[in-house]
1. About the Cα centre, and with charges only on the beta carbon of Lys, Arg (+1) and Asp, Glu (-1), how big is the dipole of the chain? Nearest 20 debye, please.
2. Using the Kirkwood radius over Cα pairs, work out the Stokes-Einstein diffusion coefficient for the chain at 10 °C and 1.306 mPa s, in µm²/s as a whole number.
3. Picking from Asn75, Pro294, Val41, whose Cα lies most toward the positive end of the charge dipole for the chain (charges on Cβ: Lys, Arg +1; Asp, Glu -1)?
4. Run through the DSSP bridge list for the chain and note the antiparallel percent, rounded to the nearest 5.
5. Magnitude of the Cβ-charge dipole of the stretch 215-299, K/R +1 and D/E -1, about the Cα centre, nearest 20 debye?
6. At what distance in angstrom do the alpha carbon centres of the stretch 12-45 and the stretch 316-338 lie from each other?
7. What is the dipole size for the stretch 155-259, taken about its Cα centre, with +1 at each Lys and Arg Cβ and -1 at each Asp and Glu Cβ, in debye to the nearest 20?
8. Given the stretch 54-143, report the % of alpha carbon pairs whose separation exceeds 15 Å.
Amino acid sequence: MRALIDRLYTERTLSKEDFCSLLSRCTPEDSEYLFKLARGVSGKYFGNRIYVRGLIEFTNYCRNDCYYCGIRRGNRSAERYRLTKEEILSCCESGYGLGFRTFVLQGGEDPFFTDEDIVELVRTIKKSYPDCAVTLSIGEKSEEAYRKFFQAGADRYLLRHETANAQHYGRLHPPGQNLQNRMECLWTLKEIGYQVGTGFMVGSPFQTVENLAEDLLFIRQLEPQMVGIGPYIPHHDTPFADQPAGSMELTLLLIGILRLMLPNALIPATTALGTIHPNGREKGILAGANVVMPNLSPVKVRKKYELYDNKICTGEEAAECRFCLQSRMESIGYRIVVDRGDFRPVKKFENTVRSFYDV
Ligand code: SAH
């Protein structure tokens, strides 16, 4: 197993079979070995710096019906909300004061917000906070829409592929939703010039080790700048309510593998990881992640953006979340920085590596 891990470290990829054996046969000691290598890699590029993104969950209306998701259209019990433009801007205002330099606008696919509305929103935020990055995470849109958002100033786009296997995708989504379109969106976003994030849930219903290997190989092909993964966690009002949650250990192993594959990528320790274990996010950082995404949404709507059960940080104010995460990161020897935290190609690190270690 060590030889396989060493090969992943030097070659940054493995064959599908080798990924499968790594994922199924890694002992806890092997994982520790891999995490150590992964920490070395993130340390080389980022030192002990952790980037933060302020997450603004601005609508939980959704036209899609993903079987795993608590805000799916079919969930009649979900209490729906939308933030107004003013509310969103006020989230940015408090976020800016707390040191956030990236705002992530995430939501269900809510047709109430037209492409023009999103353009307006992005423009306003970029005008008010020219030193900040705006990330969109609003699902599958037309190429034209993606271009308009980019022209309006959106810097990044998060769109998890969810699973790279079309059959598996078909079991997680209703017939109208397909993997091909989602993947085409990702390639389009990359071509337009966004910093692109993709990812998947670990332990989603019916997922096999081969599926995970396929996810890794798809990511190898796409070469995204960001990869977000987290365990699948059931939501009581979905068709998958009785499916077991994904495991923390496997999620951590995959974070470590992704760090070895994409040394300078932005990899968050996600809220879902923090939900299945009280120290999940710290463990994520120690497995190779380098980003955290505290919630900036107004407290009154936080419980309503319930993708899965028992989601953490739904009762706190933005400032509490920010400082809680700061002390969590400090407890493991890392520090949150006030920085846009853009993706930088490997070459651009060469001149700056020394200054990272100076600080
Ligand atoms: N509508 C946007 C944002 C989706 S929510 C989009 O389509 O991209 C963000 C992510 O939450 C999803 O991509 C999915 O991977 C994750 N998610 C949804 N339900 C989940 C669950 N039950 N457990 C864990 N993660 C979940």
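The values are calculated or read from the model by the stated rules, or taken from the named source; none is laboratory data. All values derive from a computational prediction rather than experimental measurement. Ideal geometry is used to build each Cβ from the backbone, glycine not excepted, and the neighbour counts take in all protein chains shown. Ligands, DNA and RNA are excluded from the accessible area calculation, which covers all protein heavy atoms including side chains. Shrake-Rupley method; radii C 1.70, N 1.55, O 1.52, S 1.80 Å.
1. It works out to roughly 600 debye.
2. Roughly 78 µm²/s, to the nearest whole number.
3. Val41
4. Taking every DSSP beta bridge within the chain, about 5 percent pair in antiparallel fashion.
5. Approximately 260 debye in magnitude.
6. Rounded to whole Å, the Cα centres lie 27 Å apart.
7. Details: 7 positive and 11 negative charges, 33 e Å.
The calculated dipole for the stretch 155-259 is roughly 160 debye.
8. Percentage above 15 Å: 59.
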